[in-house]
Each structure stands twice: as C-alpha cells, then as structure tokens.
Amino acid sequence: MHDIHVIGGGLAGSEAAWQLAEAGLKVRLSEMRGGGDATAAHHGDSLAELVCSNSFRSDDAEANAVGLLHQEMRALGSVILSQGDRHRVPAGSALAVDRDGFSEGVTRTLTAHPNITVVRERVDALPDGPAIIATGPLTAPGLAGAIGAETGRDSLAFFDAIAPIVHRESIDMETAWFQSRWNKGGGSDYINCPLTKDQYIAFHQGLMDGEKTEFREWERDTPYFDGCMPAEVMAERGVDTLRYGPMKGVGLDDPRTGRWPYAVVQLRQDNASGTLWNIVGFQTKLKHAEQVRLFRTIPGLENAEFARLGGLHRNTFIRSPELLDRQLRLKSRPAVRFAGQITGCEGYVESAAIGLLAGRFAAAELTGRPLTSPPRETALGALLAHVTGDAEAETFQPMNVNFGLFPPIEGRTKKADRKRMYTDRGRAALGEWMAALA
C-alpha cells in the first residue's frame, strides 16, 4: 500500500514525507501522537508541532547561514518554509510563525496530499523495507531500544529547555515598549521590558536562588545544549552573562529616558493575532510557581498571565558521523534512513532540512535516479557533511548551521565581506547543483 514508511510527524518527518510524495511515491507517515500516545514536550497531535520557540531564526540570506538555509529550502519546495512564510508573524529580521496556525497548516497540507497516508500509531521496531526514521529527540522507548540494538551504541542525549509564553493583554505597556534591536525588520517587532542595575542584580539573584526542577537519577549526567541553555544556568556563569546575552540593552531606546537600559527582557510575538508573546532567551528549569513569582518582578510583567510556563525535556540523538553514510542511510541497514534532530542537528530549520534531504535521497533511489549530495558550499551541503562524517564521532554534539561548517573562503578577505562571500558562493553552488538535476 506504500512505497516507503516515514516514522515521526515532526518537522523532519513532515518534510521528508512531502518531498517523497511530490516525487510521486506513496508514503505511510506514522505519528504516535493522536493514537493514544504522547510525549513529555508536545501539547497536541498536529504534525510539525513547535515545542519550544516559535522562531526559525534569521531570515537574512545575505549574511546569515540559517537565512541561506531558508532560501535553499524554499528553492527546493520545502513545505515547512512554505507554511512558515504563510503563517509568519512580526519578528524583525527573523522568521517567526504563529505556532498553531503553522502546525495546522502543515497537517492540512500533508493529509490532503493523495500520496500521503497519515496513520496515528506507535512504531516499536525498525521497518523491514524502505523507511525514514524522523522520530526526533523524544523517540518512544520501544523504537529507541530497537535503534540501540541495531547500532550497538548507547544513544546520546542532552537537555532542551522551553521558554514561557505570556498573554499580551497582561503586559504593562506604560513601562514596556515596542522596538526591534537597532530598529531592524519592522522596527517595532519586540516588546521590551527595561531593568535598572538594581533590578537586574535582584533578578539575577532570583534566578540563582529559585527552586529548580530535580533531575532523575538516569538524567544527572546529561549535558545541556549550548544553543538552548536555561537562563539560570547562564546566570551561574557570572553576574553579567545574561546582560551580555539575551538581556543586553544595546540598540534599544527606552522612550521614558531616551537611553539604552542597563538590561532588558524581550518578548516576541507567538501567534498571528498577537495575543501571545514568548519571553526571548528565557528557557528555564525553574519550578512553575517560582517562574510566576520571578518573572512578575520584571518591570512591565508585574501582572503577567502565562499561557505556558517553561520546562525541560531530554533529547536523544545517534552518533551519526559513525553510523550514517553520506545519504543518511544506516550503514548496517541501508534501507533505513534517519532524519531530523535524532541525527544530531539542532534547530527547527536544520531538522526540516535533513528531512528534506532524506526524502529526496530516498525518492531518487526508489525511482532509479541517483542524486548527488548538495555541494559543501551550500548550507544544506555543509550541514549534511557535518552530520554524516565531517564531525568527530567521539565528541559529536548537536549543531546549528553556521559558517564554521562551510569550506573556508580562499585568499585574504575583509571580515566585513566574508559572510556575504559565503552566501554568494552558496547560492551559485546551489544553482549549479539544481541545474544539473534538471
């Protein structure tokens, strides 16, 4: 009844299924949510649910690696980027989305495709035939055990934290104001809550002293992912760490003083109607009552009402550079490919990008049209190379796409010009690769 089985309906699995279906293949897409099972992080059963931030990060394709990745995925017909653009909300130069509208849009698009059958079921064993496993960091225990038995290695893990979401009407706009840092994007896409030095010091101490979620015994040696560090863990690194990180006041003019605040807490629009806003950079493992108490000490949030409080969940990934070939096939079982965060990429867009490539590789193989990997000079190629062999297997850790993964620019160049040189070179390489496929 199907040509290939995709397991997992997150961003990577949804993208892989879309690419396969668009290539004319019949896809069985298995998602355990909605079939009687749930995860520790998801809230519903829509496909491609966003469990942490609602941001796909920078959309600047001229000077940012993830922005270039956005552009490349759009060029290759990504359903994730298509729905992201359709459900975009203001976020300066970033691409942020209405999280519910986005997930519902992906769900409608995939379920309406004649080549995709969405089945609400939990899969506990590796399939015998062609398959893509995109179960993400919260793979069900049965399947995780089957993967471990096949690979012969223990799964690796790290912690991700989730930021709180606030009801817009509960924010005091007599204290807070709208502005993007340096007036980028729309110029007023963020809500800013200013702190004086004394307020910042007290807030920092509150993070240090607040009661935290206790780890279970089996979780205690699990590291954090640096790109999603809980605010209180950053606070432990020094009193000024937050003030030079997510709480930096530079480029923001407090209308009450005309000056940059000592520190600032920013909120970013979380849905299309603008009724929900998430606290940027404030992933946390504080207990819920402690979060409410502490975040209400922030000027402008004294009466904040929370649609969701922060949390912590454990992510799992495999040692991909050792286990996968350059087309994301499991070396010991080539009919099975892996995609998304379970491969050790990090971030919504990166996960979807690896899903896109897994889908295209599988489609080419099943239809007898071999597909070469995208050039290393592209964002897709650089990310794929990192996951499938360029990273050191023994020290492999999740990674967002960044220019450090790209081949270096040859010759002497000005630092100010280098990012543009990376993106210009990447666009040219992608164009040549796509032309060769036509």
* Structure fact -> Measuring from its Cα centre, the range 174-309 shows a charge dipole (+1 at each Lys and Arg Cβ, -1 at each Asp and Glu Cβ) which, in debye to the nearest 20, is 320
* Which cross-chain or sequence-distant (5 or more) residues have an amide H under 5 Å from the amide H of A263, H modelled 1.01 Å from N in plane? -> L195
* Quickly work out the S188-to-E211 label distance, labels modelled 7 Å from Cα along the C-beta direction, and quote it in nm with one decimal. => 4.2
* Could you look at the chain and say what percent of its accessible area is carbon and sulfur, using a 1.4 Å probe and all protein chains? => 49
* Asked: What angle, in degrees between 0 and 90 and rounded to the nearest 10, separates the Cα long axis of helix 99-112 from the longest principal axis of the Cα atoms of the chain?
  -> 20
* Asked: Excluding A363 itself, what net charge comes from residues whose Cβ is under 12 Å from its Cβ, given Lys and Arg +1 and Asp and Glu -1?
  -> +1
* Asked: Can you give the accessible area of R326 in Å² (nearest 10), computed on protein heavy atoms with a 1.4 Å probe?
  -> 110
* Summing +1 for each Lys or Arg and -1 for each Asp or Glu, what net charge is found among the other residues whose Cβ lies under 12 Å from the Cβ of A96? -> -1
* Asked: Within a Cβ distance under 12 Å of T241, other residues only, what is the Lys/Arg minus Asp/Glu net charge?
  -> 0
* To do: In nm, give the distance between the simple-model label positions of K414 and T175, each being 7 Å from the Cα along the Cα-to-Cβ direction.
  => 4.5
* For the Cα atoms of the chain, what angle does the longest principal axis make with the long axis of helix 65-75, in degrees from 0 to 90, nearest 10? -> 50
* Asked: Nearest 0.05, what FRET efficiency do N303 and D390 give at R0 = 45 Å with Cβ-Cβ as r?
  -> 0.35
* Please turn the phi angles of the range 292-309 into ³J(HN,Hα) values with the Karplus equation 6.51 cos²θ - 1.76 cosθ + 1.60 (θ = phi - 60°), one per residue in order, whole Hz, x for glycine and proline. => 4, 4, 6, 5, 7, 7, 6, x, x, 10, 4, 10, 4, 10, 9, 7, 8, 9
* **Rg ratio (alpha-carbon, reference 2.2 N^0.38 Å) - the range 364-438** => 1.27
* Asked: So if we plug the beta-carbon distance of T372 and E236 into 1/(1 + (r/R0)^6) with R0 = 51 Å, what FRET efficiency do we get, rounded to 0.05?
  -> 0.65
* the chain, accessible area per residue, ligands and nucleic acids excluded (1.4 Å, Å²) -> 42
* Asked: Gain in length, V119 to R259, computed as 0.36 nm per residue apart minus the alpha-carbon separation, to one decimal in nm?
  -> 44.9 nm
* Structure fact -> So for R0 = 35 Å, FRET eff. of H167-D198 from the Cβ-Cβ r, to 0.05, ends up at 0.80
* Asked: By how many degrees, 0 to 90 and rounded to 10, does the Cα axis of helix 11-22 deviate from the longest principal axis of the chain?
  -> 40
* Check cross-link reach from K285 to the lysines: straight Cα distance under 27 Å, and skip same-chain residues fewer than eight apart. => K197, K212, K248
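The values are calculated or read from the model by the stated rules, or taken from the named source; none is laboratory data. These figures come from a predicted structure and were not determined experimentally. Here the Cβ is made from the backbone with ideal geometry for all residues, glycine too, and neighbour counts use every protein chain on show. Areas reflect the complete protein model, heavy atoms only, side chains present, ligands, DNA and RNA absent. Shrake-Rupley method; radii C 1.70, N 1.55, O 1.52, S 1.80 Å.
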